[in-house]
Amino acid sequence: EDQVTQSPEALRLQEGESSSLNCSYTVSGLRGLFWYRQDPGKGPEFLFTLYSAGEEKEKERLKATLTKKESFLHITAPKPEDSATYLCAVQATRGKLIFGQGTTLQVKP
Amino acid sequence: GAGVSQSPSNKVTEKGKDVELRCDPISGHTALYWYRQRLGQGLEFLIYFQGNSAPDKSGLPSDRFSAERTGESVSTLTIQRTQQEDSAVYLCATGRGVGTSGGGEQFFGPGTRLTVL
C-alpha cells in the first residue's frame, strides 16, 4: 500500500536555527514527490516537485532533496515567516496524490 | 481568475441535509481534484477528473458523496444526508494533468469549511 510518513509532527526553531524535515515514502512507481506549504485557514501552496533520486531543488531558504526512500526539506536560517505546516505528497497512479500528515514548523524570533 | 476559487468559503448545515460545494479551476487546467482535510490531519483524496476520461472515484468515502465536472470547467461536490463526521475542509486543486510538462503539480483553492451540526 502506498504510504507517506512525515517527521517530526511539530518542530520549534529559533530564528536562524537551521534544521530538516523528513518525508519517508513507500510507493509502487513513483511519478513525483511534492512539497507544499500550508498556512492556517488556507489551501496548500506548491513548493517543489522532485522526480528522481539525487535530485535537489532550492527556493530561498528551502532546499528539497530526494532519495529512493525519503525526501528532506532543509530550512537554512529560518525566519518567523517560514512558520507553517509543510506537507509532503507522492504521486503514483494517474493523478492522485497521497499526502503525509504534515510537519508544523514554528520559528520564534 | 488567477487561481482556483471555491464557494462557499464556509457552510454550516444540519445533520441530514444535502450540501453542494463548488470549485472554479484555473483556466486551461484539465485536471481537477477534490480532497478532504479533517482538523489537524493531512489531505485525504476523494476524486480526480482528467479531461474526458472516466473520473477516479476511488477516494469517495461513501455513496453519499458524488462529484461532477462540466468539461474542463466548474466542478461541484455534493454530499447527501450529511453526518457530523463529514465536518472538514474540502479542498479543490487543479493542474495541467499527468503526462504534461509540470503536469503533476496541483494548485489548491482556499477550501470550503463544512460544519455539520
- Residue hits (region B:75-109; modelled with pLDDT of 95 or more and part of a loop (DSSP other than H, G, I, E, B)) are B:Gln80, B:Arg81, B:Thr82, B:Gln83, B:Ser87, B:Gly109
- Based on what the data block shows, is B:Leu60 within 26 Å of A:Arg31 (Cα to Cα), away from chain A (no Cβ under 11 Å) and not acidic (Asp, Glu)? yes
- Message: Restricting to region A:1-37, name every residue that is modelled with pLDDT of 95 or more and polar (S, T, N, Q).
- Response: A:Thr5, A:Gln6, A:Ser7, A:Gln14, A:Ser18, A:Ser19, A:Ser20, A:Asn22, A:Ser24
- Output for region B:61-74, where each listed residue is assigned to a loop (DSSP other than H, G, I, E, B), surrounded by fewer than 14 Cβ atoms within 10 Å (Cβ to Cβ) and out of contact with any Pro (no Cβ under 8 Å at 6 or more places or on another chain): B:Pro61, B:Ser62, B:Asp63, B:Thr70, B:Gly71
- Looking at (1) open to solvent by 40 Å² or more (accessible area, probe 1.4 Å); (2) touching a residue at least 24 places away in the same chain (Cβ under 8 Å); (3) aliphatic (A, V, I, L, M), find the lone condition where B:Leu77 falls short. (1)
- Sort out which residues of region A:9-28 are out of contact with any Lys or Arg (no Cβ under 8 Å at 6 or more places or on another chain), assigned to a loop (DSSP other than H, G, I, E, B) and open to solvent by 50 Å² or more (accessible area, probe 1.4 Å), and write them in order of number. A:Glu9, A:Glu17, A:Ser18, A:Ser28
- Task: Evaluate region B:80-89: report whether one residue or more is within 14 Å of chain A (Cβ to nearest Cβ) and under 24 Å from A:Gly102 (Cα atoms).
- Result: yes
- Out of all the residues in region B:4-60, which are within 25 Å of A:Thr103 (Cβ to Cβ) and outside any strand (DSSP E or B)? B:Val4, B:Arg38, B:Leu39, B:Gly40, B:Gln41, B:Gly42, B:Gly59
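The values are calculated or read from the model by the stated rules, or taken from the named source; none is laboratory data. This one's a predicted model, so the numbers in the text were calculated from it and none came from an experiment. Every residue, glycine among them, receives a Cβ derived from its backbone with ideal geometry; neighbour counts consider all protein chains shown. Heavy atoms of the whole protein, side chains included, go into the accessibility calculation; ligands, DNA and RNA do not. Shrake-Rupley method; radii C 1.70, N 1.55, O 1.52, S 1.80 Å.
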